[in-house]
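Here the structure is laid out as C-alpha cells; the discussion comes afterwards.
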Amino acid sequence: MAKQTRDAEFTEFVAARAPWLRKVAYLLCGDWHRADDLVQESVTKLYVRWSRLSRLENLDGYARTVLVNTFLAEQRSPWGRWAARRRTGAAVPEPAAAGTDLDLSVDLRRALAALPPRQRATVVLRHYCDLTVEQTAAALGCSTGNVKSQTSRGLDALRRSLGHQERAERAGLPDLRDLRPAVPVEGAAS
C-alpha cells in the first residue's frame, strides 16, 4: 500500500511540474526532443530517490537542480560534445504568448542556445527561473562569484549576439521572464 501511495504522490508531482521542467530544459538545450529526453532522465532520477525526496521542503528546487545537473553532465560527455557538433538548424519555437514579439523571442532563444552550457544554465536559472544568486549557486554547486561572472558573461554574449548594443540602451535586453509559466514555481525568488 505504501508503494501505491508513493507512486501516486510522484505521479501527481510529475504531472504538475512536467510542462515547467520541459520549458526549462528547452531553454537549456534549445531542442524540444532533447528537452523531453532531459526531463525523462531527470524524472527517472527523481523517482529512484522519491521515498527520501517526498520529505523535502523544496521539491521544485531539487527537481530543477537535477535537471540542470543532468544537462551539464550531458554536455561534458563525449556523446554531448559529438551531438553538439552534429546539430544543425534551429528548433521549432513554441507558439508565443499574446503580446510578445515572436521574432525577438526566436532571436533570443537562438542566442541563448549559442551560449556555453554553464553560462546558459546560469542565465536560465537567474532570469527565467528568477532565482537569486545564492539559490543559483546552490543549484549549480558553485560559488556566488562564479554565478555572477557566468551570468554577466552570458548576458554580454546575448547582447552582442542579438546586436542590441544601441537598442539595449533604449529598450533593454529581452526579458526571459516573458517566457516563464503563468503559475509561480516553488523555490523561485519573489
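Say R0 is 41 Å: what FRET efficiency, to the nearest 0.05, do residue 7 and residue 138 get from their beta-carbon distance? Mind showing how you got there, number by number?
Working: r = 29 Å, r/R0 = 0.70.
Approximately 0.90, to the nearest 0.05.
Could you please put 134, 9 in sequence from largest to smallest accessible area, using a 1.4 Å probe?
On the way: 134 115, 9 85 Å².
I get 134, 9, largest accessible area first.
Could you size up the charge dipole of the stretch 17-79 around its Cα centre, putting +1 on the beta carbon of Lys and Arg and -1 on that of Asp and Glu, and report it in debye to the nearest 20?
Numbers: 10 positive and 7 negative charges, 46 e Å.
So the dipole magnitude of the stretch 17-79 works out to roughly 220 debye.
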Per-residue ³J(HN,Hα) for the stretch 120-127, Karplus 6.51 cos²θ - 1.76 cosθ + 1.60, θ = phi - 60°, Hz, x for Gly and Pro: 4, 4, 5, 5, 5, 5, 6, 10
Probe 1.4 Å - accessible area at residue 144, Å² to nearest ten: 60 Å²
Carbon/sulfur fraction of accessible area - the stretch 109-156, other protein chains in place, 1.4 Å, %: 49 percent
Segments 148-159, 24-35 sorted - mean Cβ within 10 Å per residue, highest first: 24-35, 148-159
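The values are calculated or read from the model by the stated rules, or taken from the named source; none is laboratory data. Just so it is clear, the structure is predicted and the values come from calculations on it, not from any experiment. Don't worry about glycine lacking a Cβ; one is built from the backbone with ideal geometry, like all the others, and counts go over all protein chains shown. The area values use the complete protein model at the heavy-atom level, side chains included, leaving out ligands, DNA and RNA. Shrake-Rupley method; radii C 1.70, N 1.55, O 1.52, S 1.80 Å.
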